[in-house]
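Before any comments, here is the structure.
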Ligand code: HEC
């Protein structure tokens, strides 16, 4: 009973909160495909990687994203790689002085917002990152918005502008202390959102998640109300 109530609250909070996202890209499937096409014996790797890229990263669709907790955790966020190079992505994420993330990298902090590293040279202004805003529910993900410099989240914040201060050294990854203005959402809240991603099945709440989501929901409601009023003025 307790779980039912908690799940319901969490789910409602999820609906109201971030438009969520979550990426993870049927990694297993993508990796399986990439491996089948490019076993080390059979292929000159460069060519194969480009081929894999053409068939995976270029064709990112809603199936590219799923349960955030199936991705690989790094500190308080999650990473993956649509081309199977999770090691490369992890190496960049863990580089003490920052690094350029490899093609195919997927980074997520909350289920509804995703960054995907596209092919080198695709869009130099954003360091080849494509930004996504997703809608997520038990059935999966829907891509609400995607693009390079013009994607705004539901609070009217432009992904690229907010992340741009972290460009040098950190390849647009903000975390804390990378130059971006802080957001009013702490890691307790982002953790609660990750643990209640509806695409993962049962939520796995920790102590305090209910309160974190409640606070977040209130902030979102206030934020959206404020935006609504501003839009009317
Ligand atoms: C108001 C500024 C702002 C906006 C708008 C914004 N972000 Fe962020 N984002 C941040 C900050 C700051 C962090 C780091 C938060 C933390 O870890 O404490 C972050 C974290 C992230 C992360 C985890 C990796 C990292 O950079 O730390 C991803 C992925 C991400 N945002 C994607 C997006 C996407 C996609 C959008 C647009 C749909 C977006 N963000 C909009 C400021 C912003």
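The values are calculated or read from the model by the stated rules, or taken from the named source; none is laboratory data. This structure is a prediction, so every number in the text was calculated from the model and none was measured. With ideal geometry, Cβ positions are generated from the backbone for all residues, glycine too; neighbour counts draw on all protein chains shown.
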Picking from 125, 212, the residue that is more than 13 Å from the ligand (Cβ to nearest atom), farther than 25 Å from residue 83 by Cβ and more than 17 Å from the chain's Cα centre (by Cα) would be 212
Every listed condition ((1) under 18 Å from residue 74 (Cα atoms); (2) more than 9 Å from the ligand (Cβ to nearest atom); (3) in contact (Cβ under 8 Å) with a residue 60 or more places away in the chain) holds for residue 187 save (2)
Answer with yes or no whether residue 199 is touching a helix residue (DSSP H, G or I) at 6+ places or on another chain (Cβ under 8 Å), part of a helix (DSSP H, G or I) and either within 11 Å of the ligand (Cβ to nearest atom) or more than 15 Å from residue 109 (Cβ to Cβ) (or both). yes
Per the filter on the range 138-184, residues out of contact with any strand residue (DSSP E or B) (no Cβ under 9 Å at 6 or more places or on another chain), closer than 23 Å to residue 222 by Cβ and in contact (Cβ under 8 Å) with a residue 60 or more places away in the chain are 155, 156
Residue count, the range 115-131, condition touching a helix residue (DSSP H, G or I) at 6+ places or on another chain (Cβ under 9 Å) and either crowded, with 23+ Cβ neighbours inside 10 Å or in a loop (DSSP other than H, G, I, E, B) (or both), comes to 8
Only one of 145, 169 is under 30 Å from residue 201 (Cβ atoms) and outside any loop (DSSP other than H, G, I, E, B), namely 145
Expected single match for over 19 Å from residue 65 (Cα atoms) and more than 8 Å from the ligand (Cβ to nearest atom) among 144, 164 is 164
When every residue in the range 147-161 that is modelled with pLDDT of 95 or more and out of contact with any helix residue (DSSP H, G or I) (no Cβ under 8 Å at 6 or more places or on another chain) is compared, the one farthest from the ligand (Cβ to nearest atom) is 147
Note to self: Going by what's in this entry, would residue 217 be described as at positive phi, more than 17 Å from the chain's Cα centre (by Cα) and either outside any loop (DSSP other than H, G, I, E, B) or more than 14 Å from the ligand (Cβ to nearest atom) (or both)?
What the structure shows: no
Of the residues in the range 168-182 that are buried (at least 18 other Cβ atoms within 10 Å of the Cβ) and more than 6 Å from the ligand (Cβ to nearest atom), the one that is farthest from residue 120 (Cα to Cα) is 170
